[in-house]
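Scroll down for the structure; my scribbles are underneath it.
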Amino acid sequence: MLEGTVSTRIIRLLTAGVRVHGREPRLSTTTDLSHDELTNDLIRLPTSVCDELWMSLPSDAIGSGTARHLLTSLPDEGLGLWTQLFGGGETAVDGLRDACHYFPTIADPRREALELIEDGGMTIVRHATLTEYEPDVQAVLQEFVVSLVLNHLRRATGRWIVPVRAQFAHGAPRSRVDLLDTRNLDFDADVNAVTFLTTDLAAALPDPRPGLGAVLRQYADLAMSTATAAPTWHDRFRNELGKAMRDNDVSLSTVAAMLAIAPRTLQRRLAEHGTTWRAEVDNLRRETTARLLHDSDLTTHSVAARIGYSDARSLRRAAYRWHGYPSN
């Protein structure tokens, strides 16, 4: 489950970057997650959370140095597996090739992609994006991704690699800038790309470990195939409601306490999700009844008791309402 989602590591990096600018992101999606979930590399968050973070940047902080400034929030371990890929080969080119291929381990493959082009003496990394932010924010995103690649190449090689050229699809800034430590910059280009001398990337890495690249690629394949979307608030509510039903204690106050919110807050949040307490209880009863009648030998009376009805007659009336005919 990768499309429409991003890595929690990207969310944590951008959250820290927004805080550097003195603003506290208010993201309802992340506040419902535990610390363990937010630090789990196999959990993915909706790409819309990324959008919120980019749009949280204060307008007076957006400028030609913003992308570089955001990188100061990069933790020592970088972006986990994706960072390790840069150092997994014998040379920087090997690692860069893997990092481009496995960019979906951190980004939304439906919206972002990195392409490696090896053209004789030049090695080019192109960044394609389908995001459509305000022009200033879009410019920061484009500069940030290219700067992130350069940052990781420098980490892997231990050398201050300087690109030959950089291209950006956004317009030129009003003031003169030194992005990526080069002044050979093209704006209003057809692509976002950064070009290196292949000889700068072909030298052996300082601490090559034979076989590491293959191990990292296997792990990346596994991570992409097993990643899951983070549970939503509604998922959590449904889980707690199910527990309450199993305990035969389905009440608004009980489930609200399980979610550590007030009953009126629970009703309001359900309304925000386009549903009601009564509708949710009714839906769960219907689903549970169908499952128990199909998968167990329980009598109708026992099923009625399991879902909180006083007798089988109440269950039959509910079944008639759900399906147009009574349960057996």
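The values are calculated or read from the model by the stated rules, or taken from the named source; none is laboratory data. All figures in this text were calculated on a predicted structure; none of them were measured in a lab. All Cβ positions, even for glycine, are placed from backbone atoms using ideal geometry, and neighbour counts span all protein chains on display.
Identify all residues within the stretch 103-119 that are more than 17 Å from Arg217 (Cα to Cα) and aliphatic (A, V, I, L, M); write none if there are none.
Ala113, Ile117 - these are the residues of the stretch 103-119 that are more than 17 Å from Arg217 (Cα to Cα) and aliphatic (A, V, I, L, M).
In the stretch 142-192, what count of residues is obtained for those that are closer than 19 Å to Trp82 by Cβ and of a type in the set (Gly, Ala, Ser)?
3
The rows are residues; the columns are (1) surrounded by 15 or more Cβ atoms within 10 Å (Cβ to Cβ); (2) in a strand (DSSP E or B).
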{"position": "Glu118", "(1), (2)": "no, yes"}
{"position": "Val125", "(1), (2)": "yes, yes"}
{"position": "Gln138", "(1), (2)": "yes, no"}
{"position": "Asn151", "(1), (2)": "yes, no"}
{"position": "His170", "(1), (2)": "yes, no"}
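Considering only residues that are part of a loop (DSSP other than H, G, I, E, B) and among the β-branched types (Val, Ile, Thr), look in the stretch 238-280 and name the one that is nearest to Tyr309 (Cα to Cα).
Val250
Among the listed residues Val255, Val281, identify the single one that is surrounded by 18 or more Cβ atoms within 10 Å (Cβ to Cβ), touching a residue at least 40 places away in the same chain (Cβ under 8 Å), under 23 Å from Thr232 (Cβ atoms) and among the hydrophobic types (A, V, I, L, M, F, W, C).
Within the list Val255, Val281, the selection yields Val281.
With (1) touching a strand residue (DSSP E or B) at 6+ places or on another chain (Cβ under 7 Å); (2) exposed (fewer than 15 other Cβ atoms within 10 Å of the Cβ); (3) under 22 Å from Asp51 (Cα atoms) as the list, and Arg110 as the residue in question, which single condition is left unmet?
Unmet for Arg110, out of (1) touching a strand residue (DSSP E or B) at 6+ places or on another chain (Cβ under 7 Å); (2) exposed (fewer than 15 other Cβ atoms within 10 Å of the Cβ); (3) under 22 Å from Asp51 (Cα atoms): (1).
Criterion first (closer than 30 Å to Glu280 by Cβ and of a type in the set (Ser, Thr, Tyr)) does Thr123 satisfy it?
Spelling it out, it is not the case that Thr123 is closer than 30 Å to Glu280 by Cβ and of a type in the set (Ser, Thr, Tyr).
Does the stretch 253-260 contain any residue that is modelled with pLDDT of 90 or more, of a type outside the set (Ser, Thr, Tyr) and more than 31 Å from the chain's Cα centre (by Cα)?
Taking every residue of the stretch 253-260 in turn, none turns out to be modelled with pLDDT of 90 or more, of a type outside the set (Ser, Thr, Tyr) and more than 31 Å from the chain's Cα centre (by Cα).
Please specify each residue of the stretch 214-252 satisfying the condition of being modelled with pLDDT of 95 or more and surrounded by 15 or more Cβ atoms within 10 Å (Cβ to Cβ).
Leu216, Arg217, Tyr219, Ala220
Could we say that Val215 is in a helix (DSSP H, G or I), assigned by TED's automatic domain parsing to the domain that holds Leu85 and of a type in the set (A, V, I, L, M) here?
yes
Would you tally the residues in the stretch 138-196 being among the small types (Gly, Ala, Ser), out of contact with any strand residue (DSSP E or B) (no Cβ under 9 Å at 6 or more places or on another chain) and either free of Cβ contacts under 8 Å to residues at least 24 places away in the same chain or not assigned by TED's automatic domain parsing to the domain that holds Asp119 (or both)?
Adding up the residues that qualify gives 0.
Quick one: which of Arg176, Arg159 is in a loop (DSSP other than H, G, I, E, B), at pLDDT below 90 and of a type in the set (D, E, K, R)?
When all the criteria are applied, what remains is Arg176.
Got at least one residue in the stretch 25-45 being buried (at least 21 other Cβ atoms within 10 Å of the Cβ) and at pLDDT 85 or above?
yes
For the stretch 105-114, does any single residue satisfy the condition of being basic (Lys, Arg) and in a loop (DSSP other than H, G, I, E, B)?
Scanning the stretch 105-114, I find at least one residue that is basic (Lys, Arg) and in a loop (DSSP other than H, G, I, E, B), so the answer is yes.
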